[in-house]
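This report refers to the structure that appears directly beneath it.
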Amino acid sequence: VTTRGGGRAAGLVALILLAGCATTRVGRLGTLPDDQALVTLVVTEDRQVVLEECQGALAFGRVLGCQKTQGHRLPDGVLVRTMKIVRYTDALPSPLAFEIDLHELCHAIAALQAIEDPCHSDGGLVREAASNRRSLR
Ligand SMILES: [Zn+2]
């Protein structure tokens, strides 16, 4: 499921998937020059989502989360690693808390690489509501 439209304004996508009463939040942030998202965050109350997303990931015992990285060569030749983090939760974060996690995670992943930080490509704003915006750093 995606709500991503054309253009850079769609750099941050946060949506909720409903599966029975268990809920999943999915967000992508940090659009790179090759249109990949630097970070994808999946937080879910549904263990099945974790099991499916984490197939093939290195894990020990009960799988409650995982991360996957992938290397991309940008048009300017720089190598960048994108990251997908999947984790189970027993209490889903609010949409605002989820966006803040996603935003700061994006900065952390960008800071560890030789790339220009793409996390503000959408303006770096948390969109709580159309008329009520909060700025993050
Ligand atoms: Zn920021």
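Coordinate-derived values only; no laboratory data. From a predicted model like this one, the values you see are computed outputs, not experimental measurements. Neighbour counts run over all protein chains shown; Cβ positions are idealised from the backbone, glycine included.
Just a few scattered comments:
- Taking Cβ atoms as reference points and 12 Å as the exclusive limit, the residues near Val49 contribute a net charge of -1, counting Lys and Arg as +1 and Asp and Glu as -1.
- Likely footprinting exposure, Glu45, Glu104, Glu52, fewest C-beta neighbours within 10 Å first: Glu52, Glu104, Glu45
- Residues Leu58, Leu64, Leu29 arranged by fewest to most Cβ contacts within 10 Å: Leu58, Leu64, Leu29
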